[in-house]
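Take a look at the structure set out below.
The values are calculated or read from the model by the stated rules, or taken from the named source; none is laboratory data. Just so it is clear, the structure is predicted and the values come from calculations on it, not from any experiment. Cβ placement follows ideal geometry from the backbone for every residue including glycine, while neighbour counts extend to all protein chains displayed. Each accessible area value is taken on the protein alone, full model and side chains, heavy atoms only, with ligands, DNA and RNA left out. Shrake-Rupley method; radii C 1.70, N 1.55, O 1.52, S 1.80 Å.
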Amino acid sequence: VIARLRGLQASSNDRAEGAFAPKLQALWISGWNLGVIRNRSDAALHAWMDDRFGDRGITHTRFLIDQAQAQMVIEALKSWLERAARVDWPTGRASAGLLQLRAVLVAQWRRAVALDAVEGYPAGDDGLRDYAGDLLHRDRSRLASIADRDLTMADLIRVSNALGIVIRAAGAAGGDDE
């Protein structure tokens, strides 16, 4: 019983917490779905933070106490994904949420195509649209584009997770340790 409780304590210490945890978790999972990050766990995110920012006392999401600290970590993670997976992040005030996830999806699609992991779809953006239409509606022609107004965040996450499975199965998840 004591060993089990210690195990629970250790796992709860690894759980991402704090105001900036959801954003960092979303980026971390995006990296995992891109095949850049090998371990999708919060503990792995914290290990990366400790390695990159431990000298500044930032070893866990709960230690991010202000926007400037959080932005530094967020931008470092985004830069890594940009270098390793060629994510073309949107800029400007309205560049969060759906727009960032669409940028990740485009990068995922390019990686999946380069790995020959998606057969039967055009290589360009039309292929991503068709893949998403197939996955979400079983109808390739259902969506006008990946920016279709009917697509929700949940829809885009579902497509990203499915592409992540394809990319990792094709062997891209060897990781690009930073």
### Query
Taking only Cα atoms, what is the 0 to 90° angle, nearest 10, from helix 98-114's long axis to the longest principal axis of the chain?
70
### Task
Starting at the first residue of segment 128-135, write each ³J(HN,Hα) from the Karplus equation 6.51 cos²θ - 1.76 cosθ + 1.60 with θ = phi - 60°, in whole Hz, x for Gly and Pro.
5, 4, 5, 4, 4, x, 4, 5
### Query
P(r) for the chain: what percent of alpha-carbon pairs falls in each 10 Å bin, starting at zero?
10, 35, 32, 17, 6, 1
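Carbon and sulfur: what percent of segment 45-174's accessible surface (1.4 Å probe)?
On the way: 3380 of 6950 Å².
Exposed carbon and sulfur together represent 49 percent of the surface.
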### 12 Å reach of a label modelled at Ala19, 7 Å along Cα-to-Cβ, counting backbone N of segment 52-74
64-71
### Task
Enter the angle in degrees (range 0 to 90, nearest 10) between the Cα long axis of helix 67-85 and the first principal axis of the Cα atoms of the chain, meaning the one along which they spread out most.
50
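Write down the Å³ per residue value for the convex hull defined by the alpha carbon atoms of segment 13-86. Mind showing how you got there, number by number?
Working: hull volume 5.7 nm³, N = 74.
Once divided by residue count, the hull of segment 13-86 is 76 Å³.
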### Message
Can you give the FRET efficiency to the nearest 0.05 for Ala76 and Ala144, using r as the Cβ-Cβ distance and R₀ = 41 Å?
### Response
0.70
### Query
Taking Cα atoms, how many degrees apart are the long axis of helix 21-33 and the longest axis of the chain, rounded to 10 and kept between 0 and 90?
50
